Structures are given as C-alpha cells and as structure tokens.
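Could you have a look at this structure, given as structure tokens, before my questions?
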Amino acid sequence: MPRSLIVPPHGGIVVERTFNAWIKTALGFLAGGLGLVTLMGEHLAGIHGILIVGASVILMLLAILITAWSTAHFRRRMRSLGQPAPGQGAGRLAIVVTGGVLVVCAIALLCLWLLK
C-alpha cells in the first residue's frame, strides 16, 4: 500500500497539536517584542532606543514568519495524511490578521519611540 494512503491511528490530531505549539511560539515572539519596548520604555532615547525598537521589530517579523511557515506546513501535512486541511481562505486569513496586528504594533512602537 502506498505510504500516502496509510493513515496513522492518531490522524491529524498530532499535526494540529504541533501547529498550535508553533502558533503559541509566534505569540510568544509577539509578546516579547511588545514587552521589550514596554519594559525598556524609559531607555528609548538615543542609540539604545534604536536598538530596542529594532529588536522588537525583529521579534515581530519572526512571529509573522513562524505563523506563515506553520500554516503552510500544517496544510501540507494534513494533505499528506489524506485528511481535509482548512480551506485556503483560513490560512490566508490567519496570515492577514497576524500581519495586521503586527503592523499596528509596529506603528504603536514607532509612535512610542517618537514621543519619548
């Protein structure tokens, strides 16, 4: 029997659990980026501010990349198990919403940095 037709007894539950773990990791990076600026708010003047904002933007970009990669990996694994993956719209919606939230957060960080 071809490998793609063999469905393990756990089905897609393991794949979903891994996907959820990656999404939690992405949310952790997002929280880290926002927390960095929040906790270091009094040090946003000068070169330290540029480094702090730069580090938080990098953490937010990593959150976007992790979300996009994990969504694509999740869909690929579900298809390989022969189970229906969420529609294209669901994956795109997750990426668009995450990207929108990160853009709003980046604008808020920029405003905080400019107001200090």
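The values are calculated or read from the model by the stated rules, or taken from the named source; none is laboratory data. For clarity, every value in this text was computed on a predicted model and none was experimentally measured. Cβ atoms come from the backbone with ideal geometry, glycine included; neighbour counts cover every protein chain shown.
If you take the residues of segment 11-45 that are more than 30 Å from Pro84 (Cβ to Cβ) and of a type in the set (A, V, I, L, M, F, W, C), which of them is nearest to the chain's Cα centre (by Cα)?
Out of the qualifying residues, it is Ala31.
Please list, ordered by first then second residue, the pairs with beta carbon atoms under 7 Å, 6 or more apart or interchain, first in segment 17-36 and within 11 Å of Phe74 (Cβ to Cβ) and in a helix (DSSP H, G or I), second aromatic (Phe, Trp, Tyr) and at pLDDT below 90.
Note: pairs meeting the criteria are Phe19/Phe74.
Can you tell me which residues in segment 37-49 are part of a helix (DSSP H, G or I) and either in contact with a Leu (Cβ under 6 Å, 6 or more places away or on another chain) or modelled with pLDDT under 80 (or both)?
Of everything in segment 37-49, those that are part of a helix (DSSP H, G or I) and either in contact with a Leu (Cβ under 6 Å, 6 or more places away or on another chain) or modelled with pLDDT under 80 (or both) turn out to be Val37, Gly41, Glu42, His43, Gly46, Ile47, His48, Gly49.
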